[in-house]
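Heads up: the structure comes next, in C-alpha cells.
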Amino acid sequence: MHLRTDPKDYIDATWWPRTNNLATELPDLITALQLRTGPISRVVYDPSAWSPTDSPLIVGERRVRLDPYPFELSDTVYVYGVNGSVMVLQAVRSIGSIES
C-alpha cells in the first residue's frame with residue numbers, strides 16, 4: 001500500500017491486492033489502516049471487482065461490515081473508521097492476480 005500525502009487528492013492510498021477475494025485481502029489491510037484511522041467499522045466495495053463475500057467480516061475481535069455498492073470507478077474501496085474517518089483506496093490489480 002502506498003499512502004498519498006496531497007490532501008487535495010480524492011484517492012488517499014493505492015493498494016495492490018494479490019487476489020480478488022476481499023475476505024482474504026482485508027484483514028491485513030484493515031490492520032495497517034487502523035494505525036491511521038483507528039478501528040474500522042465498514043468497508044464499501046464494488047461487487048463487480050471482487051468475488052462474493054459474506055458480511056460482516058471478523059478482524060481480530062471486531063466486526064467489520066462489508067457493503068457492496070456499484071461504483072463508477074470499480075477499482076475503489078471506501079474504508080470507514082468508527083470515529084467517522086474515511087479513506088478512499090484505489091485497488092490496482094496485476095495481470096497475474098490469483099482468482100480466489
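The values are calculated or read from the model by the stated rules, or taken from the named source; none is laboratory data. None of the values given here were measured: they were computed from a predicted structure. Ideal geometry is used to build each Cβ from the backbone, glycine not excepted, and the neighbour counts take in all protein chains shown. Heavy atoms of the whole protein, side chains included, go into the accessibility calculation; ligands, DNA and RNA do not. Shrake-Rupley method; radii C 1.70, N 1.55, O 1.52, S 1.80 Å.
Can you find a residue that is crowded, with 18+ Cβ neighbours inside 10 Å, within 12 Å of the chain's Cα centre (by Cα) and within 12 Å of Leu33 (Cα to Cα) anywhere in the stretch 70-80? Checked the stretch 70-80: at least one residue is crowded, with 18+ Cβ neighbours inside 10 Å, within 12 Å of the chain's Cα centre (by Cα) and within 12 Å of Leu33 (Cα to Cα). Here Arg63 qualifies as modelled with pLDDT of 85 or more, open to solvent by 20 Å² or more (accessible area, probe 1.4 Å) and among the charged types (D, E, K, R).
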